[in-house]
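One structure follows; several queries about it will come next.
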Amino acid sequence: NSIASLKQAIALKCTGSEFDVRITLDDSLIINHDAHYQELPIEETSYADLEMHKLSNGEKLPTLKEYLLAGMENNTSTRSICEIKPSETSAERGQEIAEKVFNLVEKLGASKMVVYISFDYDMLKKLIALDPNVRTQFLWGNIAPAQLKADGITGLDYNFSVFKKKPEWIEEAKQNHLVLNAWTVDKEADMKWLLDKGFDQITTNEPELLLKITGK
């Protein structure tokens, strides 16, 4: 979730680089995995107050706009995998966040490089309502591929353990022309298992290892 890590993913020519979007008290869209940043609740804190605290690498806390612009710079291969985190406030707030993220992506002309993922199914459905052609992947792992297809979701990004428990979902996803992704896969044996099954994408904290295995 730092711009430095994003630039490294682009340098490695990774298929995508994942980041997490949250919203502040004053409606700033920022990049952070957890609901708290430096022990401050993000949805209850202004961006100005959050920005006072630097990331561990010395960077300022990036906004979504800054992150998207950095992802578009000198980049023709690495997609922005935009995880919109569910709201800590309400489902209605979640819908607002999804629309704000979508509108910013469109405004910056970044839509061709962005894939939206979320644990919040209704957020993804909101994005599809805004643009039926938007690329989306669901994260929870509790909905069958055929249902995802029926609802307009274009891919499934489930924990790799889900596919080991329900291997039939792999073929079902392929039959429905859905993108197959799995998280978070850091062991070589698990990477090879997914590659053997024909997965389109693998989410990992060890991209160098995965690139070595695939020979890219």
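Among the residues of the range 71-112, count how many are open to solvent by less than 10 Å² (accessible area, probe 1.4 Å), touching a residue at least 40 places away in the same chain (Cβ under 8 Å) and farther than 18 Å from Ser5 by Cα.
Adding up the residues that qualify gives 4.
On to the next question. Give me the residue from the range 36-58 that is out of contact with any Asp or Glu (no Cβ under 7 Å at 6 or more places or on another chain), of a type in the set (Ser, Thr, Tyr) and open to solvent by less than 40 Å² (accessible area, probe 1.4 Å) and, out of that set, nearest to Gly94 (Cα to Cα).
Thr45
Looking only at the range 56-70, count how many residues are under 19 Å from Cys14 (Cβ atoms), part of a helix (DSSP H, G or I) and touching a residue at least 60 places away in the same chain (Cβ under 8 Å).
Result for the range 56-70: 2.
Within the range 170-177, identify whether any single residue is in contact with an Asp or Glu (Cβ under 8 Å, 6 or more places away or on another chain) and modelled with pLDDT of 95 or more, and answer yes or no. Talk me through it step by step, then tell me what you get.
Residues of the range 170-177 in contact with an Asp or Glu (Cβ under 8 Å, 6 or more places away or on another chain): none.
No - not one qualifying residue is present in the range 170-177.
Which of the numbered conditions does His53 fail, given that it passes all the others? Conditions: (1) in a strand (DSSP E or B); (2) over 19 Å from Tyr116 (Cβ atoms).
(1)
Another question about this same structure. Spot the failing condition for Leu61; the list is (1) more than 21 Å from the chain's Cα centre (by Cα); (2) open to solvent by less than 50 Å² (accessible area, probe 1.4 Å), and only one is missed.
Unmet for Leu61, out of (1) more than 21 Å from the chain's Cα centre (by Cα); (2) open to solvent by less than 50 Å² (accessible area, probe 1.4 Å): (1).
Please verify whether Asp20 is in a strand (DSSP E or B), in contact (Cβ under 8 Å) with a residue 24 or more places away in the chain and out of contact with any Phe, Trp or Tyr (no Cβ under 7 Å at 6 or more places or on another chain), treating the condition exactly as stated. Even if it seems obvious, please write down each step before you answer.
Details: in a strand (DSSP E or B): yes; in contact (Cβ under 8 Å) with a residue 24 or more places away in the chain: yes; out of contact with any Phe, Trp or Tyr (no Cβ under 7 Å at 6 or more places or on another chain): yes.
Judged against the criteria, Asp20 is a match.
The values are calculated or read from the model by the stated rules, or taken from the named source; none is laboratory data. Keep in mind that what you see is a predicted model, and the values were worked out from it rather than measured. Note: ideal-geometry Cβ built from the backbone for every residue, glycine included; neighbour counts use all protein chains shown. Ligands, DNA and RNA are excluded from the accessible area calculation, which covers all protein heavy atoms including side chains. Shrake-Rupley method; radii C 1.70, N 1.55, O 1.52, S 1.80 Å.
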